[in-house]
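Visitor: Before we start, here is the structure in question, set down as structure tokens.
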Amino acid sequence: MAENGFSHLTSLAQSEKAVQELLLQQTPMQATDDHLIEFSEALRTVAKALRGAAEGKALAQAEAAEWKRRYEVERSKNVELQHKELSNGVCADESNSQRMEHLAKSPRLYAQEISSNGMERICSHEVLQDGGFNSFTNKLKRKASFKLSWGCKGMANDQHKKEIVSFERGNISTAERSSKQISLTWESDPQTVLIITKPNSTSVRVLSVDMVRWLRTQKGLNIYVEPRVKEELLSESSSFNFVQTWEDDKEISLLHTKVDLLITLGGDGTVLWAASMFKGPVPPIVPFSMGSLGFMTPFHSEQYRDCLEAVLKGPISITLRHRLQCHIIRDKATNEYETEETMLVLNEVTIDRGISSYLTNLECYCDNSFVTCVQGDGLILSTTSGSTAYSLAAGGSMVHPQVPGILFTPICPHSLSFRPLILPEHVTVRVQVPFNSRSSAWVSFDGKDRKQLEAGDALVCSMAPWPVSTACQVESTNDFLRSIHDGLHWNLRKTQSADGPRDT
């Protein structure tokens, strides 16, 4: 095909050369003839157009041949990889124990699983793997497994891809994960429950006593509580000696391998505290509202038995709440990998001026691209779950908790044009105190663990791979809208009277 294009180019060149020779052979009288001049100009134009078309065709054919070669190379690689996996014994008829052992050793944590009705699922034993534990497989067998499915009400086909973007035959498509409701279905019965309570509350203490007794006697569940709560239960009655707890941070780090379900009794602060205990995967949370505001606590304690019956039976709708992982790089560090302990936040990380009377001066970067220099009281980097907390008070927008993103909200900026931003989930945000700053800054993580940032120190934040799943009373969007209506009285005003002037 390419040779035909080059032959056309040769013929055109010969034709153009013949025309030029013909023009040179004309007499001066003939050369001044208007018709001959017009004819020669037209012929040159046509020759140039044909030459350009032939060149374009030749280039297109060559490019097509190159893409075909690349496709064949990629296809041969994929076939070779499939044969290699089959030779390693990863077969469809593996027994459950063999398949579990393979998943524990394989680096592919998100293997796709198709149910009988075509629904694509993510199983807990695929999502909650943690390579840091040698006895992972044995501990995993004691865990209650569950599956997550993406669906949308009113859709005839609720099949949904886990991939956010797919590329097939030159067509790009997106999965629109944030618009789908996620449900949790237990594949085996839950065995162990962790209960976290708000301290110094008589009503919470009374409810925890009744709930622990009911879960043990009626449901036969193993129950973990905080050391403080265990002392309270034992002071109530010695019959609560079946309750388990932990003694140090090492035992806390192993809780996610034992606990199937987490119950919180309190407000949003109790949910934040419960999530902060898990530095990796977090068990599904059933939050009961016993605090002041309840953006993340849709369940009422009065009907706790009915709620827990439904949750333990399943399936239930859940909200996947993203977390931020943050670490500090000190100016004295020899490289960017020499950092302090990684902090996980469910609401927000706040950088402010502390007790200093000077403006905070913060240089902000997004994936190494300069964003802006904050001059004001500080900056809030918030999750979408935290959009109804400090970020809202500072003028940030309210965002549905399942929308993946990072809210970039200034605190009292000394500027009339500094508006809040919402950044995509995949970026890394770096906030640094410049060397010419008049004072240091202070950073806090979900209102705790306050640390000082000196000149040259930097805070680096990105989306954590371990979200917090909270059970929904109805479904995610309904719970979110009800929370802003009930908690903030959002857009509450008197309805305009029907009496009065009207358009004619």
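The values are calculated or read from the model by the stated rules, or taken from the named source; none is laboratory data. Values in this document were obtained by computation on a predicted structure and should not be read as measured data. Positions of Cβ are generated from backbone atoms using ideal geometry, with glycine treated the same way; all protein chains shown enter the neighbour counts. For accessibility, only protein heavy atoms count, side chains too; no ligands or nucleic acids. Shrake-Rupley method; radii C 1.70, N 1.55, O 1.52, S 1.80 Å.
Visitor: Just name the residue that is nearest to Ser253 (Cα to Cα) out of those in the stretch 179-203 that are open to solvent by 40 Å² or more (accessible area, probe 1.4 Å) and out of contact with any Phe, Trp or Tyr (no Cβ under 9 Å at 6 or more places or on another chain).
Guide: Gln191
Visitor: Also: Against the definition (open to solvent by less than 30 Å² (accessible area, probe 1.4 Å), in contact with a strand residue (DSSP E or B) (Cβ under 6 Å, 6 or more places away or on another chain) and more than 30 Å from Ser208 (Cα to Cα)), how does Thr360 come out, yes or no?
Guide: Yes, satisfied.
Visitor: From the list Glu232, Glu247, Glu236, which one is farther than 26 Å from Thr383 by Cα and touching a Pro at 6+ places or on another chain (Cβ under 9 Å)?
Guide: Going through Glu232, Glu247, Glu236 in turn, the sole match is Glu247.
Visitor: Looking at Ala455, Ala441 in this structure, which one is of a type in the set (A, V, I, L, M, F, W, C), under 13 Å from Ile328 (Cα atoms), buried (at least 18 other Cβ atoms within 10 Å of the Cβ) and not assigned by the TED database to the domain that holds Gly267?
Guide: Sole residue among the options that is of a type in the set (A, V, I, L, M, F, W, C), under 13 Å from Ile328 (Cα atoms), buried (at least 18 other Cβ atoms within 10 Å of the Cβ) and not assigned by the TED database to the domain that holds Gly267: Ala441.
Visitor: Can you give me the ranges of the helices (runs of 4 or more DSSP H) entirely in the stretch 234-350 with at least 1 residues that are under 22 Å from Tyr224 (Cα atoms), open to solvent by 30 Å² or more (accessible area, probe 1.4 Å) and in contact with a strand residue (DSSP E or B) (Cβ under 9 Å, 6 or more places away or on another chain)?
Guide: Passing ranges, in order: 268-276, 304-313.
Visitor: Still on this structure, I have one more. Tell me, please, whether a residue that is closer than 25 Å to Gln325 by Cβ and in contact with a His (Cβ under 7 Å, 6 or more places away or on another chain) can be found in the stretch 250-258.
Guide: Checked against the condition, which is being closer than 25 Å to Gln325 by Cβ and in contact with a His (Cβ under 7 Å, 6 or more places away or on another chain), the stretch 250-258 yields no hits at all.
Visitor: Any residue at all in the stretch 397-415 that is in contact with a Gly (Cβ under 9 Å, 6 or more places away or on another chain) and among the polar types (S, T, N, Q)?
Guide: Scanning the stretch 397-415 turns up at least one residue that is in contact with a Gly (Cβ under 9 Å, 6 or more places away or on another chain) and among the polar types (S, T, N, Q).
Visitor: Quick test of your reading of the structure: Ile380 fulfils all but one of (1) surrounded by fewer than 23 Cβ atoms within 10 Å (Cβ to Cβ); (2) in contact with an Asp or Glu (Cβ under 7 Å, 6 or more places away or on another chain). Name the failing condition by number.
Guide: (1)
Visitor: Would you mind stating whether Val225 is open to solvent by less than 50 Å² (accessible area, probe 1.4 Å) and either at pLDDT 95 or above or more than 19 Å from Pro287 (Cβ to Cβ) (or both)?
Guide: It is true that Val225 is open to solvent by less than 50 Å² (accessible area, probe 1.4 Å) and either at pLDDT 95 or above or more than 19 Å from Pro287 (Cβ to Cβ) (or both).
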